[in-house]
Structure formats: structure tokens, C-alpha cells
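What follows is one structure encoded as C-alpha cells, with my remarks underneath.
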Amino acid sequence: MANLAQNITKIVDFFYPPFRKCLSQQVFRYAACGGGNMVLDWILYFIVYNFIIGHQLVYLQSFETVFGQPLCITPHIATLCIVFPITLFTGFWLNRNVTFTQSYLHGARQLVRYILIVAVNLAINYFGLKLCVDIFGWYPTPSKMVITIITVVVSFFGQKYFSFRS
């Protein structure tokens with residue numbers, strides 16, 4: 001895994017020189033890794049929503065509502081629940097091994113703090129999707145893209161100054 005991190009870092013750093021005047025190397029690495037993880041998130045979201053969930057409500061037979069009916073999850077939220085854990089761990093790995101490599105914090109502490117920041121982003125995603133899709137009537141995938149822009153800003157400052165501080 002260390003070799004993979006080194007190779008990714010070399011590839012990202014190869015594209016850094018034109019941006020040297022306007023971005024620090026850390027911000028550029030964060031943007032590149034976060035951008036890659038964001039694209040992975042969008043692709044997985046599109047595939048799961050359209051081809052796995054298939055725009056259908058998801059009924060959880062094991063969980064009943066107060067009315068004795070199975071718990072029902074809307075397709076855009078069910079998709080978020082499936083895609084989220086995947087991009088959580090790819091994002092942590094990239095941040096820890098490519099972007100914020102100078103942190104003195106222990107890996108377990110970094111992970112806990114990372115998960116706290118991501119939990120904030122998950123709440124932003126959940127309520128943002130509810131607002132955009134259920135109230136504004138926007139399509140789920142573009143809604144997710146708009147919400148992602150907001151969470152990128154929240155995430156960078158949270159990861160830099162809390163999860164991976166050095």
C-alpha cells in the first residue's frame with residue numbers, strides 16, 4: 001500500500017508545477033485526491049442509483065415502523081447509504097497517505113476524527129438531498145453534485161485543522 005501511495009503522490013505531483021503560484025502543494029494534493037474520490041463517488045452513485053437500486057423504494061423487512069409496516073427508504077437515500085462507506089475509506093486512505101502525510105497523530109485517532117468530519121458531511125448530504133430532491137424536485141445525481149461542492153470546503157478545513165493536523 002505504501003508503494004501505491006507513493007505512485008499516486010508522484011502522479012499528482014507531476015501535474016503540480018503549473019499551479020505552484022496559486023496553490024500550495026498540500027492544497028493541490030487535496031484537490032486532486034478529493035477530486036478523484038468525488039468522481040468515484042459520483043460514478044458509484046450513478047451506477048447504484050440507476051442500475052442496482054433501479055429508482056425503486058427499498059423496503060427493509062427486518063425493521064418495522066410504528067404502524068407494523070417495513071421501513072421504506074427512498075432510492076436516493078438508499079444509494080447514499082451504499083456508496084458512502086466505500087468513499088469514506090478511499091477518502092481517508094488518500095488523505096492520510098497522499099495529502100496530509102506530516103500529521104503526528106496516531107492512525108486510529110486520525111480515523112476517528114476523519115469519521116467525525118465525514119459524519120458532518122453525511123448530515124449535509126442527507127439533508128441536502130432531502131431538500132434538493134424531495135422539496136425542490138431536482139434530479140438526484142445533479143443534486144448530489146451540488147451538495148458535494150459544499151462538503152468539499154467543509155471537509156478540507158476539518159481534515160487540515162482537526163483530523164490530520166501537524
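Numerical summary
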| read-out | value |
| --- | --- |
| Debye, to nearest 20: dipole size of the chain, +1 on Lys, Arg Cβ, -1 on Asp, Glu Cβ | 720 |
| Size-normalised alpha-carbon gyration radius of the chain, reference 2.2 N^0.38 Å | 1.17 |
| Evaluated at q = 0.17, 0.26 Å⁻¹: base-10 log I(q)/I(0), Debye formula over Cα of the stretch 11-60 | -0.61, -0.91 |
| Tensor-based shape of the stretch 5-90 (alpha-carbon gyration tensor, a/c under 1.5 rounded, otherwise prolate or oblate) | prolate |
| Carbon/sulfur fraction of accessible area - the stretch 1-138, other protein chains in place, 1.4 Å, % | 69 |
| Per DSSP, loop trypsin sites (Lys or Arg not before Pro) in the stretch 2-48 with at most 11 further Cβ within 10 Å | 20, 21 |
| Relative contact order [Cα under 8 Å, 6+ residues apart], the stretch 5-85, whole percent | 23 |
| Of 79, 127, 2, farthest towards positive along the dipole that unit charges on Lys, Arg, Asp, Glu beta carbons give the chain | 2 |
| Within the chain, longest stretch free of exposed chymotrypsin sites (Phe, Trp or Tyr not before Pro) [DSSP loop, at most 13 other beta carbons within 10 Å] | 16-66 |
| Reachable lysines, given that their alpha-carbon falls under 27 Å from the alpha-carbon of residue 10 and they are not under 8 places away in the same chain | 21, 160 |
| MRE, 222 nm, helices only [DSSP H, n ≥ 4, -39500 (n - 2.57), over the chain, to nearest 500] | -20500 deg cm²/dmol |
| Of 28, 42, 52, farthest towards positive along the dipole that unit charges on Lys, Arg, Asp, Glu beta carbons give the chain | 28 |
| The chain - accessible surface per residue (Å², probe 1.4 Å) | 60 |
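The values are calculated or read from the model by the stated rules, or taken from the named source; none is laboratory data. Source: prediction; values computed, not measured. As a convention, Cβ positions derive from the backbone with ideal geometry for all residues, glycine included, and neighbour counts pool all protein chains shown. Note: accessible area is taken over every heavy atom of the protein model, side chains too, but ligands, DNA and RNA are not part of it. Shrake-Rupley method; radii C 1.70, N 1.55, O 1.52, S 1.80 Å.
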